[in-house]
Amino acid sequence: MISRRNFFSITILMIAVLFLCMSINSLKDGWNDYAVNRYTETAENYPSRIHMYLPLSETQDGTKEDSEESQGMLSVSRDRVICISPEEGGLAGVVRAWATYTKRDITAYPSLAAFKTAGDGGELPEMLVLDAACVDWESGGELELLQACLEEGTHLVFATLPDVSVIRDNEKVKELFGIRKVLEEETTVTGFYLRGGFLLGGETFYLEKENPQSSVFLPGSAAFPGEKTFPWYLPGSGTKIYMRGIAEGEQVKTENYPAMIWRRSFGTAYVFAVNGGMMEGLAGMGILSAMSAEMYSYEIYPVVNAQNMILAGYPSLADENPEEMERIYSRSVKQVFQELLWPNMAAVLEKNRYKATCMMTPQYDYTDDREPDGKQLAYYLKIFNESAAETGLWGLSMSDTPLAGKLAADASFLEDALGGYSFSSFYAGDMEDGSLQDALKEELLESVRTVVRDYDETRCMPVEFLSEDVTVQRVLGDGLEYTYENDFLVRCMETALGYFNMAFDLSGVAYPEGDGETWEQLSKALGTTVGTYGQTFPGFARTTASQCDARIRQFLAVDYRDGRIDDAIHLQVEGLAGPAWFILRTHNETIRKMEGGSWQELEEGAYLIEVDQNQVTVTLEPAEERFYR
Amino acid sequence: MTMLTILQTIGVAAAYLAVTLVLPWALLRGKLKPFRLPARFMAYFMIGNFYCMNLVYLLQLLHISSRLTLLLGTLAPFIGAAAFQWKKSFGARMGQCLERLRMIFEGQLGRRTLMLRLGKRIGKLSSGWLGEWLAPRWPEAVLAVGIVALILYIYGTNTIHVFGYCSSDMVVHNYWINHMENNNIFVDGIYPFGFHCVIYYLHEVFAIPTYVLLRVFALPQTLMIHLMLLAFLRLLCKAKYTPYIGVMAYVVSGVFYQYTYFRYYAALPQEYGMLFILPAAYFAIAFLQEKNFVSVDKKEAPKGQEEGLKRPGRAFGGLFKRKLRAAREAKRNLALFAIAISMTLTVHFYDTIVAGLLCLGIGVGFAFRCLRWRYLKRLMVAGVTGILIAVLPMAAAYAMGKPLQGSLYWGMNMLSSGGGEESEPEEKSGSGADGNKESNGTESTAMESSEKKASQGEGLWRKLQKGLVYVPGEVKYYVTNDSMDAAWFMLGSVGAVLALGALWLILRRPDYGGTLISVGVYMGVLCILQASAKLGLPQLIEVSRYSVYIGYGLPIVWSLCLDALLYLLFWEKRTINAGAVAALAAACVAVAYTGVRSPVCLSAYESNEAMLCLTNILRENRGNTSWTICSANDEQQMTWGKGYHYELIEFLRKQESVKEQPVITIPTDTVYFFVEKVPILYLDYLNTIRPDRKISPEGAGMPLPKVKGILPYIGEERWVTMSHIYYWVQAFREMYPNEMEVYYETDAFVCYRVRQDAYNLYNFAIDYGYNE
């Protein structure tokens, strides 16, 4: 027999358990305000274009107020960069963008002769970035000018090298670049070796094959950074090599491999030489940052500190391309997206702590009669909300539907399904500027603060303002295809900006163009990309597109000065509207303590500094103390 | 670093004493029970060292030497003894031992339980047996501890403050020992390797780096040398406390010239061999003091006494038993004499020669027994056996095709030519024994040569008669601090011990008298040999080295003189010990009055900073061999097998051809440059002179030394070499300010570190302004 008291207790317990089990899901559903975009916040809360730092040469009145003079601080002389390059060339744009991002001033001249003629106030800049074609190598006067710059402490960065015949025949030019010997006028390398400590991400080999005997090409070897054919120079004494080509043939000694990026020391200044077109495009920005870090005992510069994973065209809510889906997956596209893709992608992203930005589209094809499912939308918004993923809008379509028509259809659907939804990020792909500006005026996109665009070699600024209040963030490549070229670009961008933005175009899953685009293959590529970059750069913050936008605004608005007294680096930061991030690069020194923010080590000699206050002091100490004294 | 050195010294001493004292004690404590404590101490020590040396010799010659074989060889006597003792139950007991080991390794018997059991046993030992043993001996124990403290203070100060090698030839020994790791004994030719065997054993078994052993082993070695002296005196003296007088005076008295004790600051084979001279003498004396000694055979036992042999009891009191016991003790003494003689030869020829001189003294002192055939033949057989044991490994190596080491040819030439002016090649430290007395030494040498010419054609006796007048002067020069009074006192005490020995012979105490005369004759001969160059006698050993042995013999003379006098005053009365205490007190006052020696710190052959950096480098690069030290020191041997070394002079010479654009690369991840801003004085002799000349542009402006070998690192050349490297480093640092980092710096030294990328090595060839 059970007593009444026990019966009562058991009943209460059972009710409590039942209540807990039943209520958790109800509560979760009830409290999940998925219909409200958590990343939507008005742009007025963030710095806008008017706050953006512009190099001195670009201010309207041609003057720039100096920030408050630091008292007793040993200021690093990095006020001005002079770029000697044709205006129409990509180099000038890259240097200009880099100077903007690192808050330097910049002046550009089409040739060294023009620079010489201009006189430039008689004050030599911190560094001269030169296109070798803009220098008259036959003229002794220009060489003397370069020598004089070096003697005055101006660093020379040669983004390209003069013709091999010039170097071979002119001892002074050889001496300038620190070239001991021209071994071959042209050689084709089978791979590259990148020294650790130059770009972030550590030492790297870009090899064509595992070994010379192997017949299998390595993944990534489809595209190498720069050129594989260039003159074979052997640098001499006083040089430091950062990147080499790997010559074919086992008989070549490692130390004789052709140099690609190196430095020649002249005591007070360096000459940096880049062989093989490595500085073309955005990669040049990272190389400039890495060179700058090599020039001084320490280097501190602002970065975005954002790592985005853009799932472009995911999810789609309509049951499209049913025949093909049935043939490949034996299920509908909705089921494929819901049951195959999301669990798989969520696991991979979660493992590497990435946050997804899902650029959804109600449907890919607006010409068919298959309409999007509102319940699906609610489902995805809920799970995205739970996993802190952001929902943006994909601006493309598989049909020839005009953008305005697509946006109208999408707005109508969203109104019906949710009563409307505010997007803060928009995926524009390779959309033209005009179309994009027009689209942003649409009601559906009024709340958009940031636009994600495809990688464009001709565009030198990966992050910038598109309009007064809308930023652009460019993706650095297609995450579903890993190449060495892309890997190098990512390393350069991480070094220069702490910025990573990789897009995975998942529309191909619904509309595969070949057997290689099935999810089975694509998921492997996704796993490789996410895993590789996730492990290489674990220190940077994982963000969604909107979070990245906030950081971009702060990054573009911030200005700073720094100086060092003994072991303390003093940093004065202006334009702070929230936390800002800097990279500090040191040589054999580590951070002991910090005031005005916090820090974390990215890798040996590289630290990510989070600045909360205008005045920051970072105290360094030797990287290692002697155990026995 | 000082604390590390102290810990290293303690560790090395513990390891050495465990092998040479504790293990023989554990095995042979029953067998050696009849001996007096100091004799047991000597015996254990002799046996431990002897076994260790010969085990290494055997395994090295068989090319199977490793930690495992050495451990097995060390345990073999214990296993053998256990098998002999337990016979039938051996298997079961071994099984038990293995089972216990299994339990420990498998964790069934926890570490804490094991430690608790061991602790309990040690606790019982300390509270029980040790307490009982110490109770009647505490005054001596206090004195002994005091003596040990004095030795540690006088000699340990140098050990813990000077980290570098204190003798120039230690790097050679380091090199020889290093190659023993590859079972390549006698790498540089056949040489007495006893010392090297022991160091190698400690290195291999206890995993102590060889360079650490060579740095700190001098202190345990010196401590044991003094304890041997104390034990020897304790066995010979009648009074308990007179031995402490001699030892105390030897350790702290300021009358001795520095060279008589400077070599104790370095772990050198000759000094290591001194450990075995006095035990050899003692066991020879002990054998000769045995009056009842006759050759006894158990089979010759008279009827009715055979049973008594097998069981203890009154039957042992019989004459035959006494004879049998005496015969056993005599055999043990002879065996230990043979072992000690063997080890003197195994370690260093000079020690054998000095032990031979001591045996000669004993032969004179105990002529009344020694000339009897039954004593003489046994002594000779023991001596020859000892020598054969020592020679056997060397002969075996010779038969296997190893040549003799260079210094042996030199020694043989010296002996055959009757002396010479040159110094021993690899032991250069002795050649400069004169040290501060250089000018005096030059005069002395000039006088020697003129005397030599004059004395040619004269008879030996005539030469001796004429030359004896030089003995006080030579003793004054080599043994004292230029004090004629001290020299006369030393010679007088030798005469006094001879006179007292004769007196005690007359007073019918032949054993005691014989001992005194033995010591007197030995010291007398040594003093005469000190003047051998002037006397035209063959130089058995290098003339300056006699002073080391004379210094070591004088405390024996002084203690025995005082002991003989006290014995004369008190005879066998117990008050003799009170007299000895009074004499000890008086001796302390006298030593204080005549001057006390304070601890010195030698000028080492590597700076402290260099050793500190080396220690740090080894620690940081544990398991990584991709590093190079570019220096003027011999880190090549110190870091053997752990990293690489680049000769500084080679490095600088390659820089000379900078116009031809040479490529100088060092293919390791890290390169360290050791630069002495105040170059050390790399003098051949041990000294305390401190360097004060700083490197300068003037030095760098001078051409690099063209001389070979070690010469670019000595004197003026070292200053030039260091000046060059300093300015090279400055120029390189200007080019690579972030890459060339200061690893460690003081006012006198700086170590730079360059970390390289193995695929992009730096070209170290630069124009530093002084290339040519």
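The values are calculated or read from the model by the stated rules, or taken from the named source; none is laboratory data. Just so it is clear, the structure is predicted and the values come from calculations on it, not from any experiment. With ideal geometry, Cβ positions are generated from the backbone for all residues, glycine too; neighbour counts draw on all protein chains shown.
Overview of results
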{"quantity": "Scan of the range B:152-176 for residues that are more than 30 Å from residue B:60 (Cβ to Cβ) and either small (Gly, Ala, Ser) or assigned to a helix (DSSP H, G or I) (or both), ordered by number", "calculated": "B:152, B:153, B:154, B:155, B:156, B:157, B:158, B:160, B:161"}
{"quantity": "Leading residue by the ranking (nearest to residue B:208 (Cα to Cα)) among those in the range B:1-49 that are basic (Lys, Arg) and over 22 Å from the mean Cα position of the chain (by Cα)", "calculated": "B:29"}
{"quantity": "Breaking point among (1) surrounded by fewer than 22 Cβ atoms within 10 Å (Cβ to Cβ); (2) of a type in the set (Ser, Thr, Tyr); (3) farther than 30 Å from residue A:443 by Cα, for residue A:354", "calculated": "(1)"}
{"quantity": "Within the range B:560-643, helices (runs of 4 or more DSSP H) holding 3 or more residues that are small (Gly, Ala, Ser)", "calculated": "B:576-594"}
{"quantity": "Set B:73, B:107, B:95, B:123: member being without any contact (Cβ under 8 Å) to a residue 24 or more places away in the chain, among the small types (Gly, Ala, Ser) and on the phi > 0 side of the Ramachandran plot", "calculated": "B:107"}
{"quantity": "Residue satisfying condition, being closer than 30 Å to residue B:258 by Cα, at pLDDT 85 or above and in a helix (DSSP H, G or I), within set B:411, B:361, B:386, B:441", "calculated": "B:361"}
{"quantity": "Among the residues listed as B:717, B:741, B:734, B:698, the single one being in a helix (DSSP H, G or I) and at the interface with chain A (Cβ under 10 Å from one of its Cβ atoms)", "calculated": "B:734"}
{"quantity": "Residue list for the range A:600-629, filter: surrounded by fewer than 18 Cβ atoms within 10 Å (Cβ to Cβ), over 20 Å from residue B:753 (Cα atoms) and either within 14 Å of chain B (Cβ to nearest Cβ) or not acidic (Asp, Glu) (or both)", "calculated": "A:600, A:613, A:614, A:615, A:617, A:619"}
{"quantity": "Residue match in the range A:297-312 (condition: among the hydroxyl-bearing types (Ser, Thr, Tyr), part of a strand (DSSP E or B) and within 14 Å of chain B (Cβ to nearest Cβ))", "calculated": "yes"}
{"quantity": "Near pairs, Cβ below 6 angstrom, 6+ apart or cross-chain, from the range B:1-17 (closer than 23 Å to residue B:196 by Cβ and within 14 Å of another protein chain (Cβ to nearest Cβ)) to any residue that is of a type outside the set (Gly, Ala, Ser) and buried (at least 19 other Cβ atoms within 10 Å of the Cβ)", "calculated": "B:5/B:160; B:8/B:212; B:8/B:216"}
{"quantity": "Enumeration of residues in the range B:74-111 that are assigned to a helix (DSSP H, G or I), over 21 Å from residue B:25 (Cα atoms) and polar (S, T, N, Q)", "calculated": "B:89, B:96"}
{"quantity": "Residue in the range B:642-653 that is at pLDDT 90 or above and either within 14 Å of chain A (Cβ to nearest Cβ) or under 25 Å from residue B:240 (Cα atoms) (or both) present", "calculated": "yes"}
{"quantity": "Candidates A:253, A:172, A:209 - the one that is within 11 Å of another protein chain (Cβ to nearest Cβ) and without any contact (Cβ under 8 Å) to a residue 40 or more places away in the chain", "calculated": "A:253"}
{"quantity": "Residue A:478 vs. criteria touching a strand residue (DSSP E or B) at 6+ places or on another chain (Cβ under 9 Å), without any contact (Cβ under 8 Å) to a residue 40 or more places away in the chain, under 17 Å from residue A:349 (Cβ atoms) and not hydrophobic (A, V, I, L, M, F, W, C)", "calculated": "yes"}
{"quantity": "Residue B:690 vs. criteria surrounded by fewer than 20 Cβ atoms within 10 Å (Cβ to Cβ), away from chain A (no Cβ under 14 Å), over 30 Å from residue B:624 (Cβ atoms) and in contact (Cβ under 8 Å) with a residue 24 or more places away in the chain", "calculated": "yes"}
{"quantity": "Qualifying position, being of a type in the set (A, V, I, L, M, F, W, C) and either in contact with a strand residue (DSSP E or B) (Cβ under 6 Å, 6 or more places away or on another chain) or part of a loop (DSSP other than H, G, I, E, B) (or both), among B:526, B:540, B:516, B:554", "calculated": "B:540"}
{"quantity": "Pairs with Cβ under 6 Å, 6+ apart, first in the range B:138-165 and on the phi < 0 side of the Ramachandran plot and touching a residue at least 60 places away in the same chain (Cβ under 8 Å), second of a type in the set (S, T, N, Q) and exposed (fewer than 15 other Cβ atoms within 10 Å of the Cβ)", "calculated": "B:160/B:2"}
{"quantity": "Boolean, residue A:330 is crowded, with 16+ Cβ neighbours inside 10 Å, of a type in the set (S, T, N, Q) and farther than 30 Å from residue A:53 by Cβ", "calculated": "no"}
{"quantity": "Condition met for residue B:71 (outside the structural domain of residue B:26 (by TED's automatic domain parsing), part of a helix (DSSP H, G or I), modelled with pLDDT of 80 or more and under 33 Å from the mean Cα position of the chain (by Cα))", "calculated": "yes"}
{"quantity": "Selection within the range B:744-762 - hydrophobic (A, V, I, L, M, F, W, C), within 14 Å of chain A (Cβ to nearest Cβ) and under 34 Å from the mean Cα position of the chain (by Cα)", "calculated": "B:749, B:750, B:751"}
{"quantity": "Number of positions in the range A:259-280 that are within 12 Å of chain B (Cβ to nearest Cβ) and under 13 Å from residue A:191 (Cβ atoms)", "calculated": "1"}
{"quantity": "Residue under evaluation residue B:766, criteria (1) more than 10 Å from every other protein chain (Cβ to nearest Cβ); (2) more than 43 Å from the chain's Cα centre (by Cα), criterion not met", "calculated": "(1)"}
{"quantity": "Output for the range A:220-250, where each listed residue is more than 22 Å from residue A:281 (Cβ to Cβ) and away from chain B (no Cβ under 14 Å)", "calculated": "A:232, A:248, A:249, A:250"}
{"quantity": "Selection from the range B:690-714 of residues that are within 21 Å of residue B:747 (Cβ to Cβ) and within 33 Å of the chain's Cα centre (by Cα)", "calculated": "B:690, B:691, B:692, B:713"}
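This table checks each residue for (1) crowded, with 17+ Cβ neighbours inside 10 Å; (2) within 14 Å of chain A (Cβ to nearest Cβ).
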site: B:570; (1), (2): yes, no
site: B:592; (1), (2): no, no
site: B:606; (1), (2): yes, no
site: B:615; (1), (2): yes, yes
site: B:623; (1), (2): no, no
site: B:639; (1), (2): yes, no
site: B:659; (1), (2): no, yes
site: B:670; (1), (2): yes, yes
